[in-house]
1. From the list GLY72, GLY52, which residue is small (Gly, Ala, Ser), over 14 Å from LEU131 (Cβ atoms) and either in contact (Cβ under 8 Å) with a residue 40 or more places away in the chain or in a strand (DSSP E or B) (or both)?
2. Restricting segment 26-38 to residues that are surrounded by fewer than 15 Cβ atoms within 10 Å (Cβ to Cβ) and assigned to a loop (DSSP other than H, G, I, E, B), which is modelled with the highest pLDDT?
3. Pairs, please: C-beta under 9 Å, at least 6 apart or cross-chain, first residue over 11 Å from VAL8 (Cβ atoms) and basic (Lys, Arg) and in segment 94-108, second outside any loop (DSSP other than H, G, I, E, B) and at pLDDT 80 or above?
4. Spot the failing condition for THR41; the list is (1) part of a strand (DSSP E or B); (2) modelled with pLDDT under 80; (3) β-branched (Val, Ile, Thr), and only one is missed.
5. Does at least one position in segment 12-25 carry a residue that is touching a strand residue (DSSP E or B) at 6+ places or on another chain (Cβ under 8 Å) and modelled with pLDDT of 65 or more?
Amino acid sequence: MYGGVLSVECSHSHGKYTNIEDATSLTRLYPSGSALEITLTPDGPLLDGSKGAVITQTVHMTNQWRDAYLRGIPFGVYRTTARLIEPNGTSHKLRLQQDHGATDAWEPSVLVEWVPAAWDSSHETMTQPSLHLGQ
């Protein structure tokens, strides 16, 4: 499959990343059957120079759900937003934090990008960005 993978985690929603699931995680705050809707809007041309399209992917949550992997994202830079949709249709905008460490701010949107990462002298691969979602 062409494209990158975006790792999305919703187990830490209290404005901090603690490396353990806390009582304020989205999977504990909202009913099973809720869904996460992640929208990626291109912020410039894709890596191949073409014009990208808005990508919206939905992930259905369960009580056991922690993370998801969105696959097949064309390489580029995207302004990313997320919302949670309860089974009754109620929608909640979520905040996002990039996976760069505990000091990153929680924002209503973040830029996500895939950049080349050296693998070895004969191969090159792309980084896999990660996001944390919270209230």
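The values are calculated or read from the model by the stated rules, or taken from the named source; none is laboratory data. Bear in mind that the values here come from a model prediction, so they are computed numbers and not experimental data. A quick note on method: Cβ atoms are made from the backbone with ideal geometry, for glycine too, and the neighbour counts reach across all protein chains shown.
1. Just one listed residue meets the conditions, GLY72.
2. In this case the residue turns out to be GLY33.
3. ARG95/ALA82; ARG95/GLU107
4. (2)
5. Looking for residues that are touching a strand residue (DSSP E or B) at 6+ places or on another chain (Cβ under 8 Å) and modelled with pLDDT of 65 or more, one finds none in segment 12-25, hence no.
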